[in-house]
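Everything below concerns the one structure shown next.
Every number here is computed from the coordinates shown, using simple stated rules; none is lab data. All figures in this text were calculated on a predicted structure; none of them were measured in a lab. Ideal geometry is used to build each Cβ from the backbone, glycine not excepted, and the neighbour counts take in all protein chains shown.
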Amino acid sequence: MTFELLDGTVHDKVRVLAADKVRAEGICRDNGWPLVEGPRFHVALTYATAKRAEHTDAPNVAAFMDDLADYALSTDETEDGEPDPT
């Protein structure tokens, strides 16, 4: 995953862990968002990953969205040719 904040900071190749996916699911449920692939789930996943990796001090996903410029979920392959699990 790669994401950019409005201040120009880019966090590149941040690994998404299973715990981030579970936390993103909880964020969606807490906010009444549908649990489907789409921008809201992706932002929740980006926030959960950024928070765990200590790339944001935003207290919640709404505050994080105020700082988020863009994100990209990676579909790159790893060096051994296996798909990247993120």
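Scanning region 37-62 for residues that are closer than 18 Å to Ser74 by Cα, in a loop (DSSP other than H, G, I, E, B) and either touching a Ser or Thr at 6+ places or on another chain (Cβ under 9 Å) or of a type outside the set (Asp, Glu) (or both) yields Gly38, Ala53, His55.
Here Val36, Val22, Val10 are screened, and the one residue that is among the aliphatic types (A, V, I, L, M), surrounded by fewer than 13 Cβ atoms within 10 Å (Cβ to Cβ) and touching a strand residue (DSSP E or B) at 6+ places or on another chain (Cβ under 6 Å) is Val10.
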